[in-house]
Amino acid sequence: MGYGIIPKMGEPNICETPCDHRDCKANREDFIEHANCIVCGKPLLEGDSFYYHGANKYDKVHALCI
């Protein structure tokens, strides 16, 4: 099982203001709106290692919490 790393938010990875880009919307939903670890409840920050883990497609856990 591989882990992911929370990407750097802001340009050029994601527009800083609301836009119509599908990639920006997906990144905003996944890494800003649903950015808390389901184990410890703390936010996942840029550069943190994480795993997707849980009941829905947005559930994430810090690599150190699992």
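Miscellaneous remarks
- Counting only residues that are within 10 Å of the chain's Cα centre (by Cα) and either of a type in the set (Gly, Ala, Ser) or part of a strand (DSSP E or B) (or both), the range 1-25 holds 2 of them.
- Residue within the range 39-50 that is under 13 Å from the mean Cα position of the chain (by Cα), among the aromatic types (Phe, Trp, Tyr), at pLDDT below 90 and surrounded by 12 or more Cβ atoms within 10 Å (Cβ to Cβ) present: no
- Only one entry of Arg28, Arg22 meets the criterion of being of a type outside the set (A, V, I, L, M) and surrounded by 14 or more Cβ atoms within 10 Å (Cβ to Cβ), and that entry is Arg28.
- Top-ranked residue of the range 51-66 - restricted to ones that are assigned to a loop (DSSP other than H, G, I, E, B) and surrounded by 11 or more Cβ atoms within 10 Å (Cβ to Cβ), ranked as modelled with the highest pLDDT: Asp59
The values are calculated or read from the model by the stated rules, or taken from the named source; none is laboratory data. What you are looking at is a predicted structure, and each value in this text was computed from that prediction instead of being measured. Heads up, the Cβs are rebuilt from the backbone with ideal geometry, glycines too, and the neighbour counts pull from every protein chain shown.
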